[in-house]
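Novice: Take this structure first; my questions come after.
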Amino acid sequence: MIKSRPRGFDRRSLDGLGVLRAVVEAGSFVGAGEALGLTQSAVSRAIARLEDRVGVRLFRRTARSISLTDEGLRYYESVAPHLAAIEDATIEAGGSSAKVRGRLRVNVDGSVGQFVLTPRLGPFLARHPELSMEIAVRDRMGDLIRDGFDVAVRFGHPEPSALKSRLLLRTRVVTCASPAYLARHGAPHRPSDIEKHPCVLMRDPSTGSHFAWEFVRGKKVVPVSASGQLMVNGVGPLLAACLAGQGIAQVLELYTRELLADGRLVQVLPEWAEETYPLYAYHHAAQLVSAKVRAFLEFVVALTRA
């Protein structure tokens, strides 16, 4: 542990904070130096000065990697949103018309990235030519600050955290099969009939098993023991298997509208399809939201409403 010094504010710390953010985002002193136009030794010295100033060791250093210490993580979680706000204020004070710029890192699950966001990003990026985006697919949201993300867009109910969450939409869970499958096996007439059919299952990353199946009509909820030989971990493979007639699947209506409309899939037990699943956007403290995050949130709100 570095010996603590009196804690007055030193404006030179701002330069060190910029280097700190660059190291966290790049994952190395070398990468941070390339991003900032500095040598590795200059980055190392800047971090050492900042550590000396705040009185804690910020990084664990080994021959192969660096990582934030527990104290470093808490410090970075405190200052990172303020750095974004300072950046925005500087841009606005300078009279720049291109306020939405820099790099925006977005954490998504695979289905949101494949079916919701990336096919529709063209107009958003064209509107903000000084913005670059990274869409990162993760099984779990994890820690946005620790992992260097600005925002997340994910299905499921929010867990308790300091993040701000915004409900974007609710989509129904529909049960469907291909016409060829139904011609061979017939259609289930009640929820319990599902247990007699092979099902294509979706893996739940939080448990390693498949998501539980249930059917909802009004206040009545009927759980069923779905089973099958095939379990997948993505909506793309789930739809592909269902379209190929390999079994019955439960999937979000958001991903099946066109397939149901043109007859490639058929909804079964439609009267038992009142279960919904929410899509949320997550970001850091509302009062410190950067211009690029605000623009992206406005974009996804408009997109999901459409």
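The values are calculated or read from the model by the stated rules, or taken from the named source; none is laboratory data. Not measured: the values here are computed from a predicted model. Quick reminder, even Gly has a Cβ in these numbers, built from the backbone with ideal geometry, and neighbours come from all protein chains shown. Surface areas here come from the heavy atoms of the whole protein model, side chains and all, with no ligands, DNA or RNA. Shrake-Rupley method; radii C 1.70, N 1.55, O 1.52, S 1.80 Å.
Novice: If you line up the Cα atoms of the chain on their principal axes, what length do they span on each, largest first, in Å?
Specialist: The principal-axis extents, from largest down, are 74, 43, 35 Å.
Novice: Can you compute 3J(HN,Hα) from phi for each residue in region 218-229, using the Karplus curve 6.51 cos²θ - 1.76 cosθ + 1.60 with θ = phi - 60°, rounded to whole Hz and x for Gly and Pro?
Specialist: x, 8, 8, 10, 10, x, 10, 8, 6, 8, x, 7
Novice: Additional query: Which percent, to the nearest 5, of DSSP beta bridges fully inside the chain are antiparallel?
Specialist: If I count the DSSP bridges inside the chain, around 60 percent turn out antiparallel.
Novice: With the full set of protein chains in place, find how many percent of the accessible area of the chain is carbon and sulfur; take the probe as 1.4 Å.
Specialist: Carbon and sulfur: 51 percent of the exposed surface of the chain.
Novice: Positive end of the charge dipole of the chain (Lys, Arg +1 and Asp, Glu -1 on Cβ, about the Cα centre): tell me which of L260, A281, V200 has its Cα farthest that way.
Specialist: Of the candidates, A281 comes out farthest on the positive side.
Novice: Further question on the same structure: Report, ordered by chain and residue number, the lysines lying within cross-link reach of K99, taken as a straight Cα distance under 26 Å and ignoring same-chain residues fewer than 8 apart.
Specialist: K164, K292
Novice: If I fit a long axis through the Cα atoms of helix 291-305 and take the longest principal axis of the Cα atoms of the chain, what angle between them do I get, 0 to 90°, rounded to 10?
Specialist: Taking Cα atoms only, the helix is inclined about 10 degrees.
Novice: For region 172-306, what is the accessible area per residue in Å² when the probe is 1.4 Å?
Specialist: 49 Å²
Novice: With a ≥ b ≥ c the root eigenvalues of the C-alpha gyration tensor of region 175-241, is it rounded (a/c under 1.5), prolate (a/b larger than b/c) or oblate?
Specialist: oblate
Novice: If I model a spin label as a point 7 Å beyond the Cα along the Cα-Cβ vector, how far apart are those points for S41 and R74 in nm?
Specialist: 3.5 nm
Novice: Check the straight Cα-Cα distances from K220 and name the aspartates and glutamates below 19 Å, setting aside those fewer than 8 residues away within the same chain.
Specialist: Here the aspartates and glutamates satisfying the reach criterion relative to K220 are D193, E195, E271, E274, E275.
Novice: Placing unit charges on C-beta atoms (Lys and Arg positive, Asp and Glu negative, everything else neutral), compute the dipole magnitude of region 191-306 about its Cα centre in debye, rounded to 20.
Specialist: That gives region 191-306 a dipole magnitude of about 300 debye.
Novice: Taking H as built 1.01 Å from N, whose amide H comes closer than 5 Å to the amide H of D204, not counting residues under 5 places away?
Specialist: S209, H210, F211
Novice: Which one, S67, S132, S206, has the greatest fluctuation when you compute a Gaussian network model over the chain with C-alpha springs under 10 angstrom?
Specialist: Comparing S67, S132, S206 in a Gaussian network model of the chain, the most mobile one is S206.
Novice: Also, quick follow-up: In debye to the nearest 20, how big a dipole does the chain give about its Cα centre with +1 on each Lys and Arg Cβ and -1 on each Asp and Glu Cβ?
Specialist: Dipole about the Cα centre, nearest 20: 580 debye.
Novice: Which ³J(HN,Hα) values in Hz, rounded to whole numbers, follow from the phi angles of region 246-262 under the Karplus curve 6.51 cos²θ - 1.76 cosθ + 1.60, where θ = phi - 60° and Gly and Pro get x?
Specialist: Karplus values, whole Hz, x for Gly and Pro: 7, x, 8, 10, 9, 8, 6, 4, 3, 9, 10, 4, 5, 5, 6, 5, 9.
Novice: Further question: Taking the Cβ-Cβ separation of V221 and E258 as r and a Förster radius of 30 Å, what is the calculated FRET efficiency to the nearest 0.05?
Specialist: FRET efficiency, V221 to E258: 0.55.
Novice: Starting at 0 and stepping by 5 Å, how many percent of the alpha carbon pairs of region 192-306 end up in each bin?
Specialist: All Cα pairs, binned at 5 Å, distribute as 2, 9, 16, 19, 17, 12, 9, 8, 5, 2, 0 percent.
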